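Q: One structure, as structure tokens, below. Some questions next.
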There are 2 protein chains.
Amino acid sequence: MAQAARLSGFPEWLPADRIVEERVIDLLKHTFELNGYAALHTRAVEPLSALAKDGEIDKEIFAVSRLHGDPSDSRNPMGLHFDLTVPFARYVVENAGHLSFPFKRYQIQPVWRGERPQDGRFREFIQADIDVVAEDSLADHFEVEVPLVMAQAFDALRELGVPPVRILANNRKLLEGFARGLGLDDIPAVLRSLDKYDKIGPERVGELLASDAGASAAQQQALLKLAAIEADTSSFADEVLALGVTDPLLDEGLESLVRLVDAAHRIQPGVVVAQLKIARGLDYYTGSVYETQLLGHESLGSVCSGGRYDSLASNGKKTYPGVGISLGVSRLMSRLVGKNRMLAATRSVPTAVLIAVTDERGRAEADAVAMQLRRRGIPVDVAPAASKFGKQIRFADRRGIPYVWFVDGETGHEVKDIRSGEQVSADPELWTPPAEDVWPRVERVAGDEA
Amino acid sequence: MAQAARLSGFPEWLPADRIVEERVIDLLKHTFELNGYAALHTRAVEPLSALAKDGEIDKEIFAVSRLHGDPSDSRNPMGLHFDLTVPFARYVVENAGHLSFPFKRYQIQPVWRGERPQDGRFREFIQADIDVVAEDSLADHFEVEVPLVMAQAFDALRELGVPPVRILANNRKLLEGFARGLGLDDIPAVLRSLDKYDKIGPERVGELLASDAGASAAQQQALLKLAAIEADTSSFADEVLALGVTDPLLDEGLESLVRLVDAAHRIQPGVVVAQLKIARGLDYYTGSVYETQLLGHESLGSVCSGGRYDSLASNGKKTYPGVGISLGVSRLMSRLVGKNRMLAATRSVPTAVLIAVTDERGRAEADAVAMQLRRRGIPVDVAPAASKFGKQIRFADRRGIPYVWFVDGETGHEVKDIRSGEQVSADPELWTPPAEDVWPRVERVAGDEA
């Protein structure tokens, strides 16, 4: 017998909010497909060894085992994937012979992380990823394309009332080249320190750079000046050069970031911003890195992050460099429909028309009318029990169903718009609701200023 | 570094086959929504205790635990859901105050079972469920509605080339009443024996009825005669009555099954067949039970099963009786795209048009043309590298992209249908491919006789 069993960090939406989520996902899919990305779906589990980072299995991982497994199960322990990049890299290596490169795919699925649940952070959450993976070498222009496709996707979401975003970009080569040009060698320590900039502030980042990366006061200052640079045009390049550091890798990274910012600026000024403090935690990025702020909701953290990885996927003979970005659908949803909801569906059911049943003997005819309307693409439900006029209206009203249909053999059919009260004769082979009433709409909640 | 790691029983499709799966799922969703079923999504995990059957945790269950969990985790052990009915029942109890009853929902998600993988049986597979749940009492007509909605869904799938189905129906009350009318008391043993009819044949079912349910030779014979009855009209009722067994529960079950078969016959003769040997393994069914054969693929087992359950969901004060049916999307897919594939997508990418790039300096203009076409709803990709004419055509051809677009500042734009070789001038603000070329189509494979 089922019992309530809420689990913190495992969000589930009510039906009206699931309509919002489905609409968000549909707009994302449509944008990705318009840009040539193929839909992909991978299994939920991977061998535990594949989920290791830096050779260590993170404690966030959820392990999966058969309750009464046989010995073959324990030889190959599994875990739930914590992102969609690792399963995708494995899929590419496994199916390389059947794929055409560069291979562009999107993937919208849940992922699992055993983190402490908090605002916008869940233990099970849906991500929407796009990636481009090539064989042997990946052209740099894909590092420009990937964030711009996400910018398009967020643009499509604005129609629903989702706030605008700012995609923050940087380049690992730029950071690494700059650090090397300064004479620093422990690049991972430099990146780890910079990655804490927003959390702990410049002063403590300086201390970390000293203690962890062995940076002198002058080196700290140069890195902190670099980290403070931010611009939505390629003007930032002059600021970097003015710091007087030179290194071939720095030039490469700078050129790549300039190309991205220029291209974005041509298409939609302000949507992509170079922010040189962005480092990203994951170790596998090798070029561009991206984070995304939902404007007015910066405290939520990044809603869409990613970067270029050159050596995530390899079968020993060939490598498959890629670039990707991942949108946190559940994190976004937590602001769209949470406590201070921004969006709402106009109804909690797909149904546009309720066929009234005033006598159980009339159910077969009501069912027949419902089928006539459905055949013409109108979502219809039939009253679950015969009841009086008022009860039928209340049934529709409670669910937000706009129309109630009255079947009557003698005087003909009538349909009532329960919002206006207007009731008209109708022919089940001809009547159609206005286009905006056929399916539930997602609308901005009155009073929301986003 | 990603490595190949195939896991038996965890199917993953290549991009072209994922297009088939997405099309199948879209048609299911559309049918369910036309019938007023709301989309729902539940988390993948449940408390292990909620996944117990008859108080016992099945060995098929995959347990989930944090690799380095804290003590609070072990107090509340979890597992991956093995179906979508159990999570749905829990969701209903948990959210009853926010739902309007009768509540109709559909749910299309993966489920996990640690069974031995075999033809059409996987360890991770996608199910598409519809259920109607009421508060306190559920009207019988929903037992008619649910299989008929699935019949509509399979009808929609036939457009793709999916073979037709036969939905087999029976009623637990009919079986229980008949057994009681015969003087038998151990109903679970009777049901378990009958459930093996197709697997072991009538003779051995008779032996089981004797050994497990204590049935005499006459009782065995009566039950085996009942089990052999099959009809797609209500004529079967006379055959049941002719067996001379009487019981009030038998009458109830018979009436319910007659109503279903009559209603189905009116709408689409032959699609629902009363087959009185159908018992279903799950213990929670209390009324109608359903199985579904894919015609010509009967050996695959049931592709769509379910039934009525009166006491799956309860919060102690109220019960939520329901009826549902679950379509095995992955099982169906295993026949649609497997070894003897029936269906194929016309291409492996969403892309309808490839914009050729013959010189990297022309990439910005190619990107601009791509955006113009996308804004008008045409899926477009841009050549990943500048190359000669032939290479661009081969790139498109390998993916099944039908059109290649040539940007030329001087003589204007031209677009080539690479199937016919026809090349015409085109304006990126006006040109549109024929409707059937905009998105990939799913077509029956030549030579398939289904």
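Q: Where Lys and Arg each count +1 and Asp and Glu each count -1, what net charge lies around residue A:376 among other residues with Cβ under 12 Å from its Cβ?
A: Around residue A:376, the surrounding residues sum to 0.
Q: Please calculate the 1.4 Å probe accessible area of residue B:196, with all protein chains present, and give it to the nearest 10 Å².
A: Number for this one is 90 Å².
Q: Then there is this: Within the range B:359-450, which GluC sites (Glu not before Pro) sit in a loop by DSSP and count at most 14 neighbouring Cβ atoms inside 10 Å? Mind dumping the intermediate values first?
A: Details: sites: B:360, B:365, B:410, B:414, B:422, B:429, B:436, B:443, B:449; in loops: B:410, B:422, B:429, B:449.
Passing sites in the range B:359-450 are B:410, B:422, B:429, B:449.
Q: From the backbone phi of the range B:103-118, what are the Karplus-calculated ³J(HN,Hα) couplings (6.51 cos²θ - 1.76 cosθ + 1.60, θ = phi - 60°) in whole Hz, Gly and Pro given as x?
A: Taking θ as phi minus 60°, the curve returns 9, 10, 9, 10, 8, 10, 8, x, 10, 10, 9, x, 6, 5, x, 7 Hz for the range B:103-118.
Q: List every residue whose amide H lies under 5 Å from the amide H of residue B:304, counting only residues 5 or more places away in sequence or on a different chain, with H placed 1.01 Å from N in the peptide plane.
A: Correct list: B:292, B:328.
Q: Can you send over the solvent-accessible area of residue B:262, 1.4 Å probe, protein chains only, in Å² to the nearest 10?
A: Accessible area, nearest 10 Å²: 60 Å².
Q: Right, here's the next one. Calculate what fraction, in whole %, of the accessible area of the range A:70-226 sits on carbon and sulfur atoms when a 1.4 Å probe is rolled over the protein chains.
A: Looking at the range A:70-226 in its full context, I get 45 percent from C and S.
Q: As a test, work out the antiparallel percent of DSSP beta bridges whose residues both lie in the protein assembly as shown, rounded to the nearest 5.
A: Roughly 80 percent of the beta bridges in the protein assembly as shown run antiparallel, per DSSP.
Q: Could you state how much accessible area residue A:78 has, in square angstrom rounded to the nearest 10, with a 1.4 Å probe and all protein chains kept in place?
A: My reading of the accessible area for residue A:78 is about 20 Å².
Q: Over the range B:293-450, what percent of the accessible surface lies on carbon and sulfur atoms, probe 1.4 Å? Each step should come with its number before you reach the end.
A: On the way: 3500 of 7070 Å².
Accessible surface attributable to carbon and sulfur in the range B:293-450 totals 49 percent.
Q: Also, I was wondering about something else. What do you reckon, how do A:204, B:335, A:18, A:376 stack up by accessible area (1.4 Å probe), largest on top?
A: Sorted descending by solvent-accessible area, the residues read A:204, A:376, B:335, A:18.
Q: Report the FRET efficiency, 1/(1 + (r/R0)^6), for residue A:394 and residue B:52, where r is their Cβ-Cβ distance and R0 is 51 Å, rounded to 0.05.
A: Working: r = 39 Å, r/R0 = 0.77.
According to the calculation, E is roughly 0.85.
Q: Under the rule a/c < 1.5 gives rounded, and otherwise a/b versus b/c splits prolate from oblate, where does the range A:1-160 land using the Cα gyration tensor?
A: oblate
Q: Nearest 5 is fine: what % of DSSP beta bridges in the range A:348-444 come out antiparallel, could you say? Don't skip to the end; give the middle numbers.
A: Working: 7 of 13 bridges.
Beta bridges within the range A:348-444, antiparallel portion: roughly 55 percent.
Q: Suppose every Lys and Arg Cβ carries +1 and every Asp and Glu Cβ carries -1, with no other charges. What dipole size does the range B:165-294 come out with about its Cα centre, to the nearest 20 debye?
A: 280 debye
Q: When Lys and Arg each count +1 and Asp and Glu each count -1, what net charge do the other residues less than 14 Å away from residue A:321, Cβ to Cβ, add up to?
A: Numbers: positive: A:104, A:172, A:173, A:308, A:318; negative: A:131, A:135, A:136, A:140, A:143, A:310.
Taking every Cβ under 14 Å from that of residue A:321, the sum is -1.
Q: To continue, here is another question. May I ask you to list, by number, the DSSP H helices of chain B whose Cα span along the axis is at least 30 Å and whose average Kyte-Doolittle hydropathy reaches 1.0 or more? Present the calculation step by step, with values, prior to reporting the outcome.
A: Numbers: long enough: none.
Taking the DSSP H segments of chain B (at least 30 Å long, mean hydropathy at least 1.0), we get none.
Q: With every protein chain kept in the model, how would you rank A:381, A:359, B:283 by accessible area, 1.4 Å probe, largest at the top?
A: If we order A:381, A:359, B:283 from most to least accessible, we get B:283, A:359, A:381.
Q: A drop of at least 20 square angstrom in accessible area, chain alone versus all protein chains together, probe 1.4 Å. Which residues of the range B:91-120 meet that?
A: B:91, B:93, B:94, B:95, B:98, B:100, B:102, B:104, B:112, B:114
Q: Also, I was wondering about something else. So what's the net charge close to residue B:198: Lys and Arg +1, Asp and Glu -1, counting the other residues with Cβ under 15 Å from its Cβ?
A: So the surrounding residues net to +2.
Q: Residues with amide H under 5 Å of residue A:273's amide H, sequence separation 5 or more or different chain, H placed in the peptide plane at 1.01 Å from N; which?
A: A:167, A:168, A:169
Q: Using 7 Å Cα-to-Cβ label points, what is the residue B:445/residue A:234 separation (nm, one decimal)?
A: Once both label points are built, they end up 5.1 nm from each other.
Q: Please give every one of the lysines within straight-line cross-link reach of residue A:318, meaning a C-alpha to C-alpha distance under 20 Å, and leave out same-chain neighbours fewer than 8 residues apart.
A: By straight Cα distance, residue A:318 reaches A:104.
Q: Also, quick follow-up: Give me the 1.4 Å probe accessible area per residue for the protein assembly as shown, excluding ligands and nucleic acids, in Å².
A: 40 Å²
Q: Also, quick follow-up: Where does the protein assembly as shown land at 222 nm, in deg cm²/dmol rounded to the nearest 500, when only DSSP H runs of n ≥ 4 count, each adding -39500 (n - 2.57), divided by all residues?
A: For the protein assembly as shown, the value works out to -11000 deg cm²/dmol.
Q: Same structure again: Could you compute how much accessible area chains A and B hide from each other, both sides summed, with a 1.4 Å probe? Nearest 100 Å² is fine.
A: 7800 Å²
Q: If you don't mind, there's one more thing I want to ask. Under a 1.4 angstrom probe, counting protein chains only, how are A:88, B:125 ranked by accessible area, largest first?
A: The most accessible residue leads, giving B:125, A:88.
Q: Please figure out what share of the DSSP beta bridges in the range B:165-294 is antiparallel and state it in percent, rounded to the nearest 5.
A: Given both bridge residues lie in the range B:165-294, the antiparallel proportion sits at roughly 75 percent.
The values are calculated or read from the model by the stated rules, or taken from the named source; none is laboratory data. This structure is a prediction, so every number in the text was calculated from the model and none was measured. Here Cβ is always computed from backbone atoms with ideal geometry, including for glycine, and neighbour counts include all displayed protein chains. The area values use the complete protein model at the heavy-atom level, side chains included, leaving out ligands, DNA and RNA. Shrake-Rupley method; radii C 1.70, N 1.55, O 1.52, S 1.80 Å.
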